[in-house]
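Here's the structure we're looking at; comments come further down.
Each value in this text was obtained by applying a stated rule to the coordinates, not by laboratory testing. Since we're looking at a predicted model, the values are computed, not measured. Every residue, glycine as well, gets a Cβ built from its backbone with ideal geometry; the counts of neighbours run over all protein chains shown.
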Amino acid sequence: MKRSERLHAITEYLRRRRTPVTVADLARHFEVDERTVFRDLAALRDQQVPIVGEPGRGGGLQVHRDYRMPPLDAALYRTCERAFISGRALDLEYTDRNGAATTRVVEPHGLLVATPLWYLLAHDRLRGEPRMFRVDRIRGAVLREAARFEPRDPRRMFLEIEAYGLEVRE
């Protein structure tokens, strides 16, 4: 199981449980070592997944019961949907993890969820490669009426991203 899939699975596993679970239980369930579980839990907390825990006998980890995946902004979703359907590029105003703002021209091919975040899978014309953009970092998206592109299979694009050895994380 890939790390991004495991992070999503851990979140869902913790959400569904009515009782706390230990790190050892998570390690057995996901067939990884406890150190990997601790790294995964840290990554989930960095993504604002509210994991709470109680130490001692009868304690363990849970996701806060009120936790829900953040909604996708409706206007951004509609703009991306129009771009997908019509095969037109988007001008994106994007802020990277270091806070640097850029403007990109991208060819959108899909929206992905890696709990709790949404990602836009797109071909970045500036880089000439597929990229995944965190949707919460997109400050603006405008459809380019005259900029058509030929849709690509999103599964192949995702495989290309994996070939770089990159993981979805922040």
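Points to keep in mind about this one:
- Under 5 Å from the amide H of Gly140 lie the amide H atoms of Glu93, each residue being 5 or more positions distant or on a separate chain, with H modelled from the backbone and absent for Pro and chain starts.
- For the range 74-163, the dipole from Cβ point charges (+1 on Lys and Arg, -1 on Asp and Glu) about the Cα centre works out to 100 debye, to the nearest 20.
- Among the trypsin sites (Lys or Arg not before Pro) in the range 1-97, those located in a DSSP loop and surrounded by at most 15 other Cβ atoms within 10 Å of their own Cβ are Lys2, Arg17, Arg18, Arg57, Arg65, Arg68, Arg97.
- Ellipticity estimate at 222 nm from DSSP helix runs (n ≥ 4, -39,500 (n - 2.57)) divided over the chain, nearest 500: -10500 deg cm²/dmol
- Loop-located trypsin sites (Lys or Arg not before Pro) across the range 100-144 with a Cβ neighbour count of 16 or fewer within 10 Å are Arg125, Arg127, with loop assigned by DSSP.
- Compared with the direct C-alpha span, the chain from Glu150 to Thr36 gains 37.0 nm at full extension, assuming 0.36 nm per residue.
- Size of electric dipole in the chain: Cβ of Lys, Arg +1 and of Asp, Glu -1, about Cα centre, debye, nearest 20: 260
- When the P(r) of the chain is calculated, the portion above 20 Å amounts to 57% of the C-alpha pairs.
- Cα-based helix-to-principal-axis angle, 74-86 vs the chain, degrees rounded to 10: 50
- When the GluC sites (Glu not before Pro) in the range 1-57 are filtered for DSSP coil states and for at most 15 other beta-carbon atoms within 10 Å of their beta-carbon, the remaining sites are Glu31.
- Helix 3-16 vs. the chain, principal-axis angle (Cα, 0 to 90°, nearest 10): 50
- Furthest towards positive pole of dipole, Val32, Ile161, Leu61, structure part the chain, Cβ charges: Leu61
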